[in-house]
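Since every read-out is calculated from the coordinates, none of them should be taken as a lab result. Small disclaimer: the values here were computed from a predicted structure and weren't measured. Positions of Cβ are backbone-derived with ideal geometry, glycine not excepted, and every protein chain shown enters the neighbour counts.
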Amino acid sequence: MKQHRTILGRTTLALTSATLVAGVSLAVSAETLHPAVETLVGLGYPAPQEGELVHIPPTMADLEASDLHPETKQVIRRGYDLFTNTQQLRGENVYNDMNCSSCHLGEGRQPFSAPVWAAAVTLPNYRGKNDHVNNLEERIAGCFAYSMNGTPPEYGSDDMLALTAYHQWLAKGAPVYPDQPIYGRGFPPPERPDELSYESGEALYVENCAICHSEDGAGLYQDGEYIFPPPWGDGSNNWGAGLVRVFTAAGFIKNNMPLGQPMSLSDQEAWDIAYYMSSQERPQDPRYTGDVAETLERFGPTFHRHSRYGQEGPDGEVLADHANWGEKGDEVKPWNVGQPRFEELKAQ
Amino acid sequence: MTSKRISGGLGLLLGVGLAAGQAMALEGDAERGQAAAGTCVACHQADGSGMNVPGGESWPRLAGMDADYIAKQLHDFKEGRRHNASMLAFANMLDDQQIVDVAVYYSQMPVTAAQGGDVDDDLLARGEQLALRGDWDEYIVSCKSCHGPRNEGAGSHFPGISSQHAGYIESQLRAWQADERSNDPQNLMGAVAKRMSDEDIRAVSAWLASQSVASE
């Protein structure tokens, strides 16, 4: 079980020979590509480029078989449980209908689905969104404030430690601060078409997405339990989450939806659905100043220039021009938003 | 690929349009359903438990299944979107009103236990993995991601598969693999079934059959 093998730039030979003799390249590819990557290539995902870092994270079965201390295993299991059933923190840290694994498919392991191990080996690092150096805990805290429309567990708390332990476990064997670009990192967007169509996006959404996510975008919560995540509305991520950027949503959709049929939508279709979905309402961005135009001006350059925040909506209204915070109301404020760091260093 | 997806989508629209349209127009009645279900009990049993028939054609449990799902399947048999010689004959004996009646009748029965889950631990462990976590290295998404947290079903489109007979689940997954069954919405089941090995199918069918569903 060498599932967590990390392969560095081992596709060089395959790629070079691919242009010369197709038959040979297949044989070489079969030898060099991990089976999981072969599966992806077979589904239409790009093959790893020369020099890319390909990391296959370990599974929970690998964890059981590992030599880690039993208590360490317990904590990693707890992190996995929080990651895949984040709804257990509902009303405490989570105020919408999402789990971490709603967007990070394959329990955070899956390439092209923002695999989370990458954060464990590239952080601490500078992050434009909050203009300072973030570590893994602060990065996860951001997900709670925006994607979960909530407020994060405290730094150093049991839940935060368990979540970071799970991330780090998935990174097992990957180099820290890698120089190489990471294969399948984030939600790589397809090329943006010249025109995006709201009407086409709506029709495509109804045809391809509504069976699970519902025509009104509410997803499905049945008998008090999470089934399908809501792409918009009060149960969804708020206006500050990464997925409200249209290119990020297009990348998520193209690479992951409909579930089980990745890469089946055309680039145009993925972008149109993303545009439609991103033009619907959702809870306010926690960075809201009280004025949508002012908020857009302040956070446009680093974020909202990619979203539809403050733009004209489908019915002529201004999107996000409201003080609806979703289920968390105006009492719960994510404590991490706007928290500065290294002010003295920055002043130098 | 695209044309397949679109035709799958059209099939869904047609199927749901019919089933949902009639469900709205016609109200099911369990008592009438019991009267109309006289021919069903020979295979599906009086308590709706069906029967696991190793090596033969297993009869699915209907007890506790979603009424709209049952109704859609009956319409699909009648209208050629799902193929089974016995069910074609029996579904043809039911009119639209009787279909919603028997659907409601069976949906109200308590879920019964399933057979075929008595296999070795390794196979069960693989089945549990596929049902609850999937195998993403093969791009097999978990059963529960559509069929609900305990695989007891989600909405009207995704049927409960926990405590269903192993023989039935196996035969359906094989039918999807062979394109003999394709009345699922948007090929959602077909796409996943085609990535499963023979052992995967046996494993997940046995594990699901070994699960019990608590009555409400």
Could you point to the residue in A:SER200, A:GLY251, A:GLY219 farthest towards the positive end of region A:194-288's charge dipole, with +1 and -1 charges on the Cβ of Lys/Arg and Asp/Glu respectively?
-> A:GLY251
Let me know the shape class of region A:167-235, please: from the alpha-carbon gyration tensor, a ≥ b ≥ c as square roots of the eigenvalues, rounded when a/c is under 1.5, otherwise prolate if a/b is greater than b/c, or oblate.
-> oblate
Taking only DSSP H segments of four or more residues, each worth -39500 (n - 2.57), what value at 222 nm results for chain B once the sum is divided by all its residues, to the nearest 500 deg cm²/dmol?
-> -15500 deg cm²/dmol
At most 16 other Cβ atoms within 10 Å plus a DSSP loop assignment makes a site exposed; report the longest stretch of chain A without any exposed chymotrypsin sites (Phe, Trp or Tyr not before Pro).
-> A:156-334
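Which FRET efficiency, nearest 0.05, do A:GLU343 and A:ASP216 yield, Cβ-Cβ r, R0 56 Å?
Plugging the Cβ-Cβ distance into 1/(1 + (r/R0)^6) gives 0.80.
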Within the protein assembly as shown, what percent of beta bridges assigned by DSSP are antiparallel, to the nearest 5?
-> 85
Which helices count as membrane-span-like in chain B under these terms: full DSSP H, at least 24 Å along the axis by C-alpha, Kyte-Doolittle mean of -1.0 or more?
-> B:2-25
Cα-only Debye scattering, chain B: base-10 log of I(q)/I(0) at q = 0.08 Å⁻¹ = -0.26
Please tell me the relative contact order of chain B in percent, rounded to the nearest whole number, where contacts are Cα pairs under 8 Å and at least six residues apart.
-> 26
Inter-label distance, nm, simple model (7 Å from Cα along the C-beta direction), A:TYR198/A:GLU331 = 3.6
Relative contact order in percent for region B:117-171 (Cα pairs under 8 Å, 6+ apart) equals 20
Estimated dipole of chain A in Debye, rounded to 20 [Cβ of Lys and Arg +1, of Asp and Glu -1, Cα centre] = 1400
With respect to the cross-link table entries A:LYS254/B:LYS194; B:LYS144/B:LYS194; A:LYS172/B:LYS194; A:LYS73/B:LYS194; A:LYS73/A:LYS172; A:LYS172/A:LYS346, which display a Cα-Cα separation exceeding 24 Å?
-> A:LYS172/B:LYS194; A:LYS73/B:LYS194; A:LYS172/A:LYS346
About the Cα centre, charge dipole magnitude for region A:143-261 (Lys/Arg +1, Asp/Glu -1 at Cβ), debye | 580
Would you please classify the overall shape of region A:218-301 from the alpha carbon gyration tensor, given that a ≥ b ≥ c denote the square roots of the eigenvalues, rounded means a/c under 1.5, and beyond that prolate means a/b larger than b/c while oblate covers the rest?
-> oblate
Which one of B:ILE169, A:LEU170, B:VAL192 is farthest out on the positive end of the charge dipole of the protein assembly as shown, using unit charges on Cβ (Lys, Arg +1; Asp, Glu -1) and the Cα centre as origin?
-> A:LEU170
Global form of the protein assembly as shown, assessed from the alpha-carbon gyration tensor, a/c cut-off 1.5 = prolate
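What percent does the relative contact order of chain A come to when contacts are Cα pairs within less than 8 Å and at least six residues apart?
Here the relative contact order equals 18 percent.
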Share of pairwise Cα separations in region A:189-348, more than 28 Å, in percent = 26
Dipole size in debye (nearest 20) for chain B around its Cα centre, Lys and Arg Cβ +1, Asp and Glu Cβ -1?
-> 520
Considering the dipole of region B:17-150 built from charges on the beta carbon (Lys and Arg +1, Asp and Glu -1) around the Cα centre, which of B:CYS143, B:LEU123, B:MET93 is farthest to its positive end?
-> B:MET93
At most 10 other Cβ atoms within 10 Å and a DSSP loop assignment: could you name the GluC sites (Glu not before Pro) in region A:256-348 that fit?
-> A:GLU331
